[in-house]
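> Right, I'll just put the structure down here and ask away after.
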Amino acid sequence: MFDWLRTFQIWCSCREKQSLLLLALVGAVFLGLNLVFLGIYLICLCCCKREEESETKRPNLCCITWTAVVAGLICCAAVGIGFYGNSETNDGVYQLIYALNNANRTLSEIDSLVSNTSVQMKVALEQHLARLNEIFATRGDYVQTLKFLQQMAGNIVLQLSGLPVWNDVTVDLSQVAGEVGYVEYYRWLSYLLLFILDLVICLTACLGLAKHSKCLLIVILCCGLFTLILSWSSFAADVSGAVGTSDFCMAPDKFIMNMTQSDLSAEIVRYYLYCSQSLTNPFQQALTIYQRSLTTMQIQIQGLMQFALPLFPTAERDLLGIQQLLNKSEGSLHQLTAMLDCRGLHKDYLDALIGICYDGVEGLLYLILFSLLAAVSFSTVICAVPRAWKHLASRDRDYDDIDEEDPFNPQARRIAAHNPSRGQLRSFCSYSSSLGSQTSLQPPAQTISNAPVSEYMNQAVLFGGNPRYENVPLIGRGSPPPTYSPSMRATYLSVNDDHRRQHGPQFPA
């Protein structure tokens with residue numbers, strides 16, 4: 001019958017493990033759906049190319065910025081919720097460990113008291129009675145009293161041997177507490193590192209979008225995918241832990257009775273689990289016999305000290321030793337009665353349930369919420385990174401479309417500053433492009449300047465960085481004065497002299 005029950009319990013535990021594995025697979029399914037959605041989004045973004053017009057560039061950049069800001073805020077909120085949930089779970093687990101250690105300490109003290117009292121009644125009392133038998137050998141009534149004392153001591157040892165031995169239970173409790181503490185330490189540390197990683201990736205994302213760095217965007221994309229996998233993995237683990245703990249908390253008494261049925265009787269386990277006044281103490285009879293036997297022994301010892309000690313003074317040492325041993329046994333009886341009472345162990349049991357079923361489950365629920373928010377946040381970041389990359393690529397193309405030979409192009413100025421050995425920039429109206437029009441275009445008289453050639457050359461160097469040879473004056477348009485080559489200036493001066501000789505001075509002095 002018991003073998004069949006044990007087999008059924010193992011089968012049920014296997015079914016529970018299968019259920020928890022199915023719940024863990026739910027997280028894997030959500031991860032797969034999330035990755036499929038991101039893949040479809042990226043494919044649509046690559047295939048559906050929008051027209052890059054100047055009026056639409058600024059709204060797209062604003063949308064990317066606000067998307068990154070919202071994702072960062074969601075990530076910060078998720079990390080805050082995760083910190084709270086991790087702390088609550090840790091407090092609940094350590095409350096469970098404290099309750100287990102306290103119960104373990106109580107049961108160990110019970111075993112220690114029982115074993116010490118049994119040894120005193122078997123060894124120390126036997127030695128005193130053996131010496132007293134030699135002293136009282138001539139008095140038969142005193143010898144009968146000593147035999148009665150030995151019989152009462154045997155009753156006490158018999159009752160103590162009937163009490164349950166908690167050695168196996170304490171070993172199991174200490175093992176459970178050690179394993180739970182070991183797992184909880186690394187669980188708490190893992191979540192702490194995950195929180196730090198999420199914050200670092202969020203800050204890196206903001207820095208990459210602010211600096212317009214393509215390298216940082218690639219790093220953000222890879223780290224975002226990795227953190228997304230970690231978020232859904234933590235979601236699966238938290239869901240499995242919360243459901244498994246909730247199943248235990250729905251009927252913890254039944255679970256404990258099934259686990260301890262091979263070591264303890266159902267009456268004892270029920271006494272400590274419920275601790276109601278309607279339940280009788282299963283140790284009451286043994287403790288009562290213990291107390292009565294001890295009281296009877298103390299009365300007999302008092303009689304021997306009163307009547308036999310004047311006749312046998314040498315028996316005083318052994319009688320006082322037995323009296324002291326009985327006093328210690330009485331103190332052990334009071335301690336044993338208090339420790340075997342259900343109120344102490346029942347309080348530890350309730351503390352353990354409150355720690356694991358309230359604080360622990362509440363913390364796991366907050367961690368589940370953290371995992372969901374973190375997955376949403378990093379999915380948003382992954383969706384924003386390709387758009388930011390596309391914006392940077394379009395901006396680079398816009399810079400590439402500008403003529404590098406344009407002297408007013410900032411990019412050309414930067415190139416000229418970093419590459420001084422590059423060839424000189426050609427002007428808008430170069431000398432080589434206007435040689436054929438020198439005879440048709442005559443410079444107007446009002447634009448003629450009598451400044452020397454060196455002044456024009458100095459002005460050309462000031463405004464352009466190198467001399468330019470132009471044939472169209474730009475002074476009327478607010479530009480620097482033009483410069484001329486020596487041949488152009490000679491031609492211009494000859495034409496001006498011919499004009500003066502033909503017309504002569506109109507207003508003679």
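> Could you tell me which of Ala242, Ser190, Gln302 has its Cα farthest along the dipole of the stretch 150-304 towards the positive end, charges placed at Cβ (Lys, Arg +1; Asp, Glu -1), taken about the Cα centre?
Ser190
> Ok, one more. Quote the charge dipole size of the stretch 110-171 about the Cα centre in Debye, to the nearest 20; the model charges only the Cβ of Lys and Arg (+1) and of Asp and Glu (-1).
220
> If you don't mind, another one. Taking Cα atoms of the stretch 89-223, Rg/Rh with Kirkwood Rh, to two decimals?
1.56
> Taking θ as phi - 60°, what are the ³J(HN,Hα) couplings along the stretch 325-339 by the Karplus curve (6.51, -1.76, 1.60), each to the nearest whole Hz, with x for Gly and Pro?
Taking θ as phi minus 60°, the curve returns 5, 5, 5, 5, 5, 5, x, 5, 5, 5, 5, 5, 5, 5, 6 Hz for the stretch 325-339.
Only the coordinates and a few stated rules stand behind these numbers; no lab work does. No experiment lies behind these values; they were computed from the predicted model shown. Every residue, glycine as well, gets a Cβ built from its backbone with ideal geometry; the counts of neighbours run over all protein chains shown.
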